[in-house]
Amino acid sequence: MMNAPVQVIPVDFERQRAVCAALRAFMPEHNVLFDREDVTPYECDGLSAYRQVPMVVALPENEEQVCAVLETCYEMRVPVVARGAGTGLSGGALPLGNGVLLSLAKLMKIIAIDPLARTARVQPGVRNLFISEAAAPMGLYYAPDPSSQIACSIGGNVAENSGGVHCLKYGLTVHNILRLRVATIEGEIIELGGGGLDAAGYDLLALMTGSEGLLGVITEITVKLLPRPECAQVVLAAFDDVATAGQAVANVIAAGIIPAGMEMMDQPAILAVEPFVNAGYPTDVAGILLCESDGTREEVADEISRIERIMEQSGAHIVRTSRDEAERLKFWAGRKAAFPAVGRLSPDYYCIDGTIPRKRLAEVLRSIAMMGKKYDLRCANVFHAGDGNLHPLILYDANEPGQLERTEAFGADILRLCIDVGGTITGEHGVGVEKIDSMCLQFSTTELEAFHALKHAFDEHGLLNPGKAVPTLRRCAEFGRMHVHSGAEKFPELPRF
Amino acid sequence: MSDPVTQLADAIRAAADAKRSLNIRGSGSKAFYGNPVTGEVLDVTAYRGIIEYEPTELVITARAGTPLVEIEATMRDKGQMLGFEPPHFGAASTLGGCIAAGLSGPRRPYSGSARDFVLGVRLLDGRGTDLHFGGQVMKNVAGYDVSRLITGSLGTLGVILEVSLKALPLPPAEMTLCREQTQAEALTLMNEWAGKPLPVTATCHVDGRLYIRLAGATPAVHSAAAKLGGETIADGAAFWQNIRDQRHAFFAGDAPLWRLSLLSTTPGLALAGPQLIEWGGALRWLRSEGDAMSIRKAARSGDGHAIRFRGGESRDGDTRSGAFHPLPSAMLKLHKRIKLAMDPAGILNPGRMYEGL
Ligand SMILES: Cc1cc2nc3c(=O)[nH]c(=O)nc-3n(C[C@H](O)[C@H](O)[C@H](O)COP(=O)(O)OP(=O)(O)OC[C@H]3O[C@@H](n4cnc5c(N)ncnc54)[C@H](O)[C@@H]3O)c2cc1C
């Protein structure tokens, strides 16, 4: 991450004045910021290792103003970085020193909820959890539940295609949205998706989802709401080694069960969490699995008894099932607080987001442990076990010379390993600026060219979030490492560091 | 003889150089769908076979020419299925055609569409370049989601070579209920049920009857059946297969078949001709000789779009818009730029979706 192109452009005051004046022509003065002190809160997102103050911050209050900001930037050829709540973990909302940071935070209205059609129409700045809270009186909720759901915005969720612990069964953001209103860089509104379950033309709704603010600015989202399951229960199973736990996950799937959630934590993660939350996790184990079932009472009763049996047969030495809602929430509280809990153990931590085919789990965790020794850094693993999304959390201290650099190298090695075993460098946090060099490993030159061509179709002057998500070919050449074909390891017999 | 991929890539390159159109063809089971394409036929059926299927990973990867029946049979052996219940429209129908058409069957509103299950694709773009997007893992946000963009693009953006799909377990129990119900009642019920935690996996209203499929754990299916009421149909599976593949009597005959995809709560359409409702109200099939303009207008007022699905070409007064719903000008412009990005020479199935794509 350190090697990223952190901008050290001196502020061009004349340009800054001109851009502010142009924006203030249609926005109140207090919504166009440029004073150092006012713009500093926007200098980073959740990946605080990267910082850059923006030239100007624009805080539009409605869609027309968003369009006008974009039109202005388009005409003045000023790059624009959209920002939701700034909880992103890959530096996607990192500002540009010569650009406008377009905050969607003031667009925070739930426009309408249609209980019969089971949809909510919301502005992009609405917080994820707020949608479910608003829909709760109707017995409905919005399924994708990133751990950051109290804080993150739905616009940011769409831009990252965020996931959550319940995504194995209920899908990612892309599976739970029906329509987007998007402002193009020219300041025009287009509608993607529609009132029905599909729309005319190409599936631009899917293309926009996860595009990290590079193709357009999302100004309105219609999300799908689901009926609250009648009940839910979670099984906590503890294992003596993570390979056995990984096999237990496969056994659950092989039995034809798609759990509502299936999460794994290794011992370092448990040891971080337990004193912090008192979730009731056993601490003298190599790893635990949390496996949830939801649905009608009959479904849950049936599934839970099968899950318990599979866990026992797979070698779990502790199998506990939540007895009531309070205990279920307690079991989950530990998992949901894993990041902050790990954050207490160490001045800094760095979260990796690779995804692997689940069958490679044991070997990947072994390699990560070996890398930890090599780089002399501690690492705790939390893992969306059902869908193969790993979150190794590397603990470091940025104030110790060399630690950040070692952390970055460690992280890059993990991502390379994920590609080698047939996975991907990011499951849900996005590429941003952070993983841009690893993109050179995952994709070939021609594939990157195709991405650039698509970007060009939406944004010919490259003004929307430039420098993020897709590396230039030149950058890859300078990075000097070749695309490794997914699954095709060059020297599979060698231990991987 | 070179391998099928090289042959396809060579054919695309030669066509691009000469600016000759290609008409990409799998088994031809969906040749009726979309606008006619003139051009040399590019047969993609030779590149076939399942590449990797690991049931516990919930992922199957196969070559585009693989027959859907082969994929489904292989998955059924392992207790799994394609969750979007794709229509076949022919015994030989291929995976590539299925994904290129992007059509989904009765299960769609309850477990997702074709594009929802697509995890990755390998394709040849309009320059014959071999490209991989997505992958074989459930979660992947590296790069733009080209795999899902390709789904439903009817071959206009690339020739699909391989597809990875998420698998779902077969439900242990399944039951189809049927009850007499007017169209208006059926629409209300379908929408109300979807808002309740019931194991519904398909709904259909036709000829004054409402059909409901329940699936899941046996006790859950039985308890839901008791709640919902209605009589049990003996061969539910055959009923849904006939709906899926349009072999139900509703689909017989020559009257043009329209597909309207709408907001599920849209009231019954005030259009002449028989209607069949699926997808909890979100999909309306219409047999109508009526003019395209009024049908498209009705679709728009239901917040959706209309496709002239089968027949009616010569009678279509609105020939300009072809089979698919006209796009707003800003969207059409964007579509053309996307087409240009993927197929600069404009040789892949030109016009199959829209003129100029
Ligand atoms: C403690 C913690 C836990 C987390 N847990 C999860 C998790 O479980 N699952 C998960 O997926 N993520 C998780 N995240 C990451 C993060 O919360 C998500 O990526 C989230 O979706 C970001 O939303 P945001 O509103 O904060 O977006 P921001 O960080 O503001 O922006 C993210 C990206 O989206 C773009 N963007 C934002 N809004 C728009 C818009 N309206 N139009 C176009 N582009 C836009 C930005 O330019 C940027 O590229 C976690 C983060 C933290 C700090």
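Side notes on the structure shown:
- Per residue, the convex hull around the alpha carbon atoms of chain B comes to 140 Å³.
- With contributions of -39500 (n - 2.57) from each DSSP H run of at least four residues, the per-residue ellipticity at 222 nm computed over chain B stands at -8000 deg cm²/dmol.
- Ranked by the mean number of other Cβ atoms within 10 Å per residue, highest first, peptides B:269-281, A:383-395, A:288-300 order as A:383-395, A:288-300, B:269-281.
- Volume per residue of the C-alpha convex hull in chain A, rounded to whole Å³: 151 Å³
- Compactness relative to 2.2 N^0.38 Å, alpha carbon Rg of the stretch A:85-168: 1.17
- On the basis of the beta-carbon distance and an R0 of 51 Å, B:Met293 and A:Ala255 show a calculated FRET efficiency of 0.45.
- Estimated FRET transfer efficiency (A:Glu325, B:Ala18; beta-carbon r; R0 51 Å; 0.05): 0.15
- Most tightly packed first, judged by the mean number of other beta-carbon atoms within 10 Å of their residues, the peptides A:424-436, B:227-239, B:4-16 read A:424-436, B:4-16, B:227-239.
- Counted over all Cα-Cα pairs of the stretch A:248-319, pairs farther apart than 21 Å make up 30 percent.
- Neighbouring partner chain Cβ atoms per residue of A:169-176, average, 10 Å criterion: 3
- For chain A, the relative contact order works out to 14 percent when only alpha carbon pairs closer than 8 Å and six or more residues apart are counted.
- Volume per residue of the C-alpha convex hull in the stretch A:346-437, rounded to whole Å³: 88 Å³
- Simple spin-label estimate for B:Asp10 and A:Glu64 in nanometres, 7 Å along Cα-Cβ: 6.2 nm
- Residue order, fewest to most beta carbons within 10 Å, for A:Met55, A:Met138, A:Met262, B:Met75: A:Met138, B:Met75, A:Met55, A:Met262
- In a simple Cβ point-charge model (Lys, Arg +1; Asp, Glu -1; nothing else charged), the protein assembly as shown has a dipole of about 1140 debye relative to its Cα centre.
- Peptide A:202-214, shielding by other chains (average Cβ, 10 Å cutoff): 6
- Cα shape, the stretch B:4-169, gyration tensor, a/c 1.5 rule: prolate
- In plain terms, the chain from A:Ala136 to A:Glu37 could stretch by 31.7 nm, reckoned as 0.36 nm per residue minus the Cα-Cα distance.
- Considering only A:Ala272, A:Thr445, B:Trp279, the residue lying farthest towards the positive end of the dipole of the protein assembly as shown is B:Trp279, judged by Cα position with unit charges set on Cβ.
- Chain A - mean residue ellipticity at 222 nm from DSSP helices (-39,500 (n - 2.57) per run, n ≥ 4, rounded to 500): -10500 deg cm²/dmol
- FRET efficiency for the B:His222 to A:Arg309 pair, using the beta carbon distance and R₀ = 25 Å, is estimated at 0.70.
- Cα-Cα pairs of the stretch A:24-181 separated by more than 27 Å (percent): 27 percent
- Other protein chain C-beta atoms within 10 Å of residue C-beta, averaged over B:153-161: 1.
- Short to long, the 10 Å bins of the Cα pair-distance histogram for the protein assembly as shown hold 2, 13, 23, 27, 21, 11, 3, 0 percent of all pairs.
- Put simply, when B:111-122, B:144-155, B:36-47 are sorted by average Cβ atoms within 10 angstrom per residue, most first, you get B:144-155, B:111-122, B:36-47.
- Expressed in Å, the radius of gyration and Dmax of the Cα atoms of the stretch A:110-227 are 13.1, 40.
- Stretched out straight at 0.36 nm per residue, the stretch from A:Ala25 to A:Leu116 would grow longer than its current Cα-Cα span by 28.5 nm.
All of the numbers you see were taken from the coordinates with simple rules; none came from a lab. Note that the structure is a prediction, hence the values are computed from the model and not measured. As a convention, Cβ positions derive from the backbone with ideal geometry for all residues, glycine included, and neighbour counts pool all protein chains shown.
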